[in-house]
1. Would you pull out the residues with amide H under 5 Å of residue 132's amide H, same chain only if 5 or more places away, H placed 1.01 Å from N?
2. Could you state the orientation-averaged shadow area of the convex hull built on the Cα atoms of the chain, in nm² to one decimal?
3. So what J values fall out for region 148-158 if you push phi through Karplus, 6.51 cos²θ - 1.76 cosθ + 1.60 with θ = phi - 60°, rounded to Hz, Gly and Pro as x?
4. Can you tell me the 0 to 90 degree angle between the C-alpha axis of helix 82-92 and the longest principal axis of the chain, rounded to 10?
5. Dipole of the chain (Lys/Arg Cβ +1, Asp/Glu Cβ -1, origin at the Cα centre): which of 112, 143, 173 lies farthest to the positive side?
6. Counting heavy atoms of the protein chains only and a 1.4 Å probe, report the per residue accessible area for region 71-174 as a whole number of Å².
7. May I have the extent of the alpha carbons of region 150-216 along their three principal axes, as whole Å values ordered from largest to smallest?
8. What does the net charge come to around residue 129 if you take all other residues with beta carbon closer than 13 Å to its beta carbon, with K and R at +1 and D and E at -1?
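The values are calculated or read from the model by the stated rules, or taken from the named source; none is laboratory data. Keep in mind that what you see is a predicted model, and the values were worked out from it rather than measured. Here the Cβ positions follow ideal geometry from the backbone for every residue, glycine too, while neighbour counts run over all protein chains shown. Side chains are part of the model used for accessible areas, which takes the heavy atoms of the whole protein and leaves out ligands, DNA and RNA. Shrake-Rupley method; radii C 1.70, N 1.55, O 1.52, S 1.80 Å.
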Amino acid sequence: MSTFLAIIPARGGSKGVPEKNKKLLCKKPLISWTIEAAKQSKYVTDVLVSSDDPDILEIAKTYEGVITLERPAHLATDTVSSSEVLLHVIENYPNYDYMIWLQPTSPLRTNLHIDEAVTQLTNQKADFCVSVTEAEPSPYLMYKVDKKNGNCIPLIPKPHPVRRQDYESYFLLNGAIYIGKTECFKQTKTFLTEDTIFYQMPRSLSYDIDTQDDFELCEFVMKKELCKSN
């Protein structure tokens, strides 16, 4: 059986929503939703939280078996890349076949999504899999401005179908799930290669919290789903 380490990056600082990883979302710290999803996955071997914030690490320690890794200050700035943080984790915990990168800013992603993405990756014998959602609005409706004369130029220059239902589908990374073979990531330092496969999630569950409005919208969706289940 392959081993999977779920890595949850949770820096203490945040400009859009101050201390958002600790902020309560439906009575739980934001990071808790991702920790619980990872722990409930049938594929995840271990869960690790990487943070520079002692409070976040303490939250993680309330969950049995969760590994905490204190992140050095030089890996906790606004400019540090995700790959640098992940490589720091791999240096300290190298003995896993796969890494699953789970950002706490995607609280609507559940263990079922994680398991479906892993199943898709293993069935297709891929090295990398990332979650996406269908682009809305369609790029067919998008334009850019010609810097020379100010004219509008279609983002997709080919002739557009007349009916929207005939538009070709385009997808956006939704930030919820990134999976990769550990040894392959050490070479590529990215999850996005020519051979990366996509796992599609619904738009309604693909919110990535970056602002206070995003936070409040996610809370509204969660409360709505809770009412349905009751």
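1. Counting only residues 5 or more places away or on other chains, the set is 174, 199, 200, 201.
2. 15.9 nm²
3. 6, 10, x, 6, 8, 10, x, 4, 10, x, 5
4. 30 degrees
5. Result: 143, furthest along the dipole toward the positive end.
6. For region 71-174, the solvent-accessible area averages 57 Å² per residue.
7. That gives 46, 36, 30 Å along the principal axes, largest extent first.
8. -2
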